[in-house]
Amino acid sequence: MSVEARTVTESEFPDWLRARRTGFLQPPAVPEGESAKLLPHTDLTRTRGAFDAGRCVATFRSFAQELTVPGGAAIAASAVSAVTVSPTHRRRGLLSRMMGAELAESKERGDVVSTLIAAEYPIYGRYGYGPAAWTTEWTVDVRRSALDPRWSGPGDGGRIDLVDASDIRRTGPVLHDRLRALRHGLVSRTQLGWDVRMGLVPLPDQPFTERFHATYRSASGEVEGYVSYSADDTWDDGKQPMNTATVRDLIALTPAAERALWHFVCSIDWITLVKSGHRAPDDLLPLLLPDPRAARVTTHADFLWVRILDVVRALEARTYAASGSLVLELHDPAGLAGGRFRLDVSPEGAACAPTTVSPDLVMDVRELAALFLGDESAVRLAALGRLEEPTPGAAARADTLLRTSRRPWCPDVF
Ligand SMILES: CC(=O)SCCNC(=O)CCNC(=O)[C@H](O)C(C)(C)COP(=O)(O)OP(=O)(O)OC[C@H]1O[C@@H](n2cnc3c(N)ncnc32)[C@H](O)[C@@H]1OP(=O)(O)O
């Protein structure tokens, strides 16, 4: 009997959850109440499964998301998540079938891009996705940071206050939305995501430890950022505290807030190590420390992958720091976004339209995804043989136009 790939019904949802848990190597039995808890937050018209003899053997879902592009505009994205194929059914094309259906529908819906956090690097390039934002995680050895251990709050007239989860549940989304308008690479968060983050909706098998929350308030009284962190309880044999604080979220609208919040986490008695969580590779953290070597990089990897579905809207939505023109020839084996496009940009705005004139650069659509948020360099891609440059110097020109002074940052796993 052939394996059927399609959207799932409400009655199949518990079996879909079991298959998802199996694919992610979690104990397969769906805990009591999990299905009822997740169903109201699940759009079944965007939840796919593959069924073999009535049993769910593959899962895939997407949901509406906004992605901030350089300049602060938010574009419509379809966020792909929960991708699994059971070990019995791998490498038979099930992911390709579900992905093909998703991308076609996403294009039809009018999404500008599709986004995902890739479990493994080699999976998604074949579908036109490229790594658009990388993540770096640091571990700070507080005792070597040379921060003043007598610090008891910001010296700029601002203040740090410990607050409750309910305060962050109220103010966090507002601060996060304001940051989204300032920082490209950020993605919108769902209401469920905030509830889970604050422990208000506990998800089975993701044991939740209540977090500490602190806000930074500027001298004028405005809350400009917050940090949420958890701490372990470790002491060495000599009765010395060796506790680690793990930052779960640190949102700062101003450099003053960023500085004060990091300094706060690095000044808590008993805390000797601070784990930063997902930050942009050019995060200020190491250089906020008098001795930046106290911040050791513990992770550096591709993180947010983007698949461009509408080249014109994607390139017109973002801003550019310089003025110039480029003709791009894009190959897209899936037939969704390929073609030849002329891009005219200046700090005042951008215009992009199909053209027949000779191209300056020729590349696969996945390479454009890596360039899109300003992170990757066209010169580097040319050196790697992933981009052709029929017009000499066009890759360097593309870098002048497309690259951004700050690197994109996506702190969220979704
Ligand atoms: C956004 C997210 O949810 S990320 C989470 C992704 N899920 C996981 O990592 C869970 C464990 N892995 C799995 O469930 C599956 O192996 C999946 C979903 C990654 C792949 O599903 P499959 O149905 O086996 O993929 P499918 O058969 O369609 O493969 C298509 C192509 O991709 C290749 N491919 C698939 N998975 C991988 C991989 N992990 N590494 C390298 N290549 C891969 C296949 O070899 C195939 O290549 P080919 O066309 O040259 O023959």
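The values are calculated or read from the model by the stated rules, or taken from the named source; none is laboratory data. Predicted, not measured: the structure shown is a model, and the values here were computed from it. Every residue, glycine as well, gets a Cβ built from its backbone with ideal geometry; the counts of neighbours run over all protein chains shown.
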(request) Within segment 142-162, track down each residue that is surrounded by 17 or more Cβ atoms within 10 Å (Cβ to Cβ) and either of a type outside the set (A, V, I, L, M) or not in a helix (DSSP H, G or I) (or both). (result) 145, 147, 154, 158, 160
(message) Regarding segment 210-233, can at least one residue be identified that is touching a residue at least 40 places away in the same chain (Cβ under 8 Å) and over 24 Å from residue 257 (Cα atoms)?
(response) no
(message) For segment 75-125: of the residues being on the phi > 0 side of the Ramachandran plot and not in a strand (DSSP E or B), which is surrounded by the most Cβ atoms within 10 Å (Cβ to Cβ)?
(response) 93
(request) Looking at (1) among the polar types (S, T, N, Q); (2) within 30 Å of residue 317 (Cβ to Cβ); (3) within 15 Å of the ligand (Cβ to nearest atom); (4) touching a strand residue (DSSP E or B) at 6+ places or on another chain (Cβ under 6 Å), find the lone condition where residue 96 falls short. (result) (4)
(message) Looking for something of a type in the set (Val, Ile, Thr) and within 30 Å of residue 180 (Cα to Cα) - is there at least one such residue anywhere in segment 50-57?
(response) no
(request) Answer yes or no: is there a residue in segment 26-45 that is modelled with pLDDT under 95, within 13 Å of the ligand (Cβ to nearest atom), over 27 Å from residue 338 (Cβ atoms) and in a loop (DSSP other than H, G, I, E, B). (result) yes
(message) Residue under question is residue 113, and the condition is that it be within 22 Å of the chain's Cα centre (by Cα) and either under 21 Å from residue 317 (Cα atoms) or not assigned by TED's automatic domain parsing to the domain that holds residue 12 (or both); does it hold?
(response) yes
(request) Looking only at segment 345-357, decide whether some residue is among the charged types (D, E, K, R) and at pLDDT 95 or above. (result) no
(message) Quick check on residue 91: is it of a type in the set (Lys, Arg), more than 18 Å from residue 414 (Cα to Cα) and within 16 Å of the ligand (Cβ to nearest atom)?
(response) yes
(request) Please specify each residue of segment 113-159 satisfying the condition of being touching a helix residue (DSSP H, G or I) at 6+ places or on another chain (Cβ under 7 Å), under 30 Å from residue 373 (Cα atoms) and not aliphatic (A, V, I, L, M). (result) 114, 125, 127, 128, 129, 130, 131, 138
(message) Show me the helices (runs of 4 or more DSSP H) entirely contained within segment 266-373 in which 2 or more residues are of a type in the set (A, V, I, L, M, F, W, C) and out of contact with any Phe, Trp or Tyr (no Cβ under 7 Å at 6 or more places or on another chain).
(response) 311-317, 365-372
(request) Read through the list (1) within 16 Å of the chain's Cα centre (by Cα); (2) closer than 16 Å to residue 253 by Cα, then give the number of the only condition that residue 160 fails. (result) (1)
